[in-house]
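Read the structure below first, then the notes.
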Amino acid sequence: MNINKINATTSTNTYLKKLIRNDQTLNELAVIAENQTQGRGQLGTEWQSQNGKSLTMSLLKRLEKLHVENRFYLSMLVSIAVKNVLTFYNLPDIKIKWPNDILSVNKKVCGLLLEPVLKKNQIKMIIIGIGLNVNETEIPALPNAASIKMLTGKLIDIDRLAFEIVNEINKQFLKLNSHPFSAIKSEYQNNLYQKDLLNTFKDHSGIEFKGLITGVSTSGKLQVATESGSREFDLKEIKLLNRL
């Protein structure tokens, strides 16, 4: 996979989408932006990055015969890949916060945004957006975020880190043809933040309740055990408030 570096763009995901519109036969590609001015996260949120200190990157991966109902397995694989790479950088207590944020000691280090390109009910391509805090020494606007440097004290070679993440994502995607989906889901759930711990949540109606995260469904919904029984929630339907 080629890795292209550009000086600046609004969003690396949007940049790849424009390339695809101009060339549907585009080969697999990774794009890294030195400066991303309008990075996007889940539910239209803005991803804030610091010029030259963050890794803002998007990958284009082509797929064969993956039904759209299995799209969350791609999020699982990318989350596992980033988690694996960060483990080698000695970040402590790395967890995957549903659906696909990467945390270290309860601080958000990385956010992911996956956007599929569909052909009927099949995923033809997937655009994988990665925003990773790398060499920031402070992130004052986001008190619940941290960088690799803040957590380890080490200055990181961002280009090398990007290369390692691309390679690990390519490696993980091989599992789509060589591993049962249940094994992918099991590995994801084994690294899930706050799994099997009592927490307070808020649902889309603003009602607070206590429960335990037990896993995720095949479609990517969060499964929570509550006093009234097991419930499933989509991304817009639940918020984790705190750990008891």
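The requirement of being assigned to a helix (DSSP H, G or I), among the hydrophobic types (A, V, I, L, M, F, W, C), closer than 19 Å to Gln36 by Cβ and open to solvent by less than 20 Å² (accessible area, probe 1.4 Å) is satisfied by Ala162. Here Ile148 passes the criteria (1) farther than 20 Å from Lys95 by Cα; (2) at pLDDT 95 or above except the one numbered (1). Pairing each residue of region 150-163 that is closer than 16 Å to Ile130 by Cα with any residue that is of a type in the set (Ser, Thr, Tyr) and part of a loop (DSSP other than H, G, I, E, B), provided the two are 6+ apart or on different chains, yields C-beta distances under 9 Å for Leu161/Tyr89. Please work out which one of (1) at pLDDT 95 or above; (2) hydroxyl-bearing (Ser, Thr, Tyr); (3) surrounded by fewer than 17 Cβ atoms within 10 Å (Cβ to Cβ); (4) under 15 Å from the mean Cα position of the chain (by Cα) is the condition Thr45 fails and give its number. Result: Thr45 passes all but (1).
You will find that of Lys171, Lys185, the residue that is within 30 Å of Ser230 (Cβ to Cβ), assigned to a helix (DSSP H, G or I), touching a residue at least 60 places away in the same chain (Cβ under 8 Å) and of a type in the set (Lys, Arg) is Lys185 and no other. Among all residue pairs at least 6 apart or on different chains, which show Cβ distances below 7 Å where the first residue, located in region 68-79, is over 16 Å from His179 (Cα atoms) and the second is of a type in the set (Phe, Trp, Tyr) and in a helix (DSSP H, G or I)? So the pair list comes out as Ser79/Tyr188. Within region 151-180, being at pLDDT 95 or above and either touching a His at 6+ places or on another chain (Cβ under 7 Å) or farther than 20 Å from Met1 by Cα (or both) holds for Leu151, Thr152, Gly153, Lys154, Leu155, Ile156. Of Leu222, Leu174, Leu197, Leu212, all but one fail to be farther than 27 Å from Phe88 by Cα and surrounded by fewer than 18 Cβ atoms within 10 Å (Cβ to Cβ); the exception is Leu212.
Within region 89-123, being more than 18 Å from Val216 (Cβ to Cβ), part of a strand (DSSP E or B) and in contact with an Asp or Glu (Cβ under 9 Å, 6 or more places away or on another chain) holds for Ser104, Lys108, Val109, Cys110, Gln122.
The values are calculated or read from the model by the stated rules, or taken from the named source; none is laboratory data. These numbers were taken from a predicted model, which means no experiment stands behind them. FYI the Cβ positions are ideal-geometry reconstructions off the backbone, even for glycines, and counts take in every protein chain you see. Ligands, DNA and RNA are excluded from the accessible area calculation, which covers all protein heavy atoms including side chains. Shrake-Rupley method; radii C 1.70, N 1.55, O 1.52, S 1.80 Å.
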